[in-house]
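The values are calculated or read from the model by the stated rules, or taken from the named source; none is laboratory data. The model shown is predicted, which means the values in this text are computed figures rather than measured ones. Positions of Cβ are backbone-derived with ideal geometry, glycine not excepted, and every protein chain shown enters the neighbour counts. The accessibility values were calculated without ligands, DNA or RNA, using every heavy atom of the protein model including side chains. Shrake-Rupley method; radii C 1.70, N 1.55, O 1.52, S 1.80 Å.
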Amino acid sequence: MFDFSKLSDMTKLANEAKNLQKQQEGMQKEQISLLKDISHKLDKVISLLEKDE
């Protein structure tokens, strides 16, 4: 016979995994945004340096 208490535990684990995944996706989006900002600033610095040459 199937143990329904284990089903409850599995559901809790699945929900925790889903929440962790959402957190990771949020962090990845934030990192991508920061990297885009850094890239944009580096492009600006490079163009300013090229003007000075």
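Couple of notes before you dig in:
- When the charge dipole of the chain is built from unit charges on Cβ atoms (+1 for Lys and Arg, -1 for Asp and Glu) and taken about the Cα centre, the candidate among Ala17, Met27, Val45 whose Cα reaches farthest toward its positive end is Ala17.
- All lysines inside 16 Å of Lys36 as judged from Cα atoms, apart from same-chain residues fewer than 8 positions distant: Lys44
- Against the chain, whose longest principal axis is taken from its Cα atoms, helix 4-52 shows a tilt of about 0°.
- Nearby lysines by direct alpha-carbon distance to Lys41 (threshold 16 angstrom, same-chain neighbours under 8 apart not counted): Lys51
- Here the chain is assigned +1 on the Cβ of each Lys and Arg and -1 on the Cβ of each Asp and Glu. Its dipole about the Cα centre then comes out at about 260 debye.
- Solvent-accessible area per residue, Å², over the chain with all protein chains present [probe radius 1.4 Å]: 102
- Point-to-point label distance, Val45-Lys29, nm (Cα→Cβ direction, 7 Å offset): 2.8
- With semi-axes defined as the square roots of five times the eigenvalues of the C-alpha gyration tensor, the equivalent ellipsoid of the chain measures 51, 6, 4 Å, largest first.
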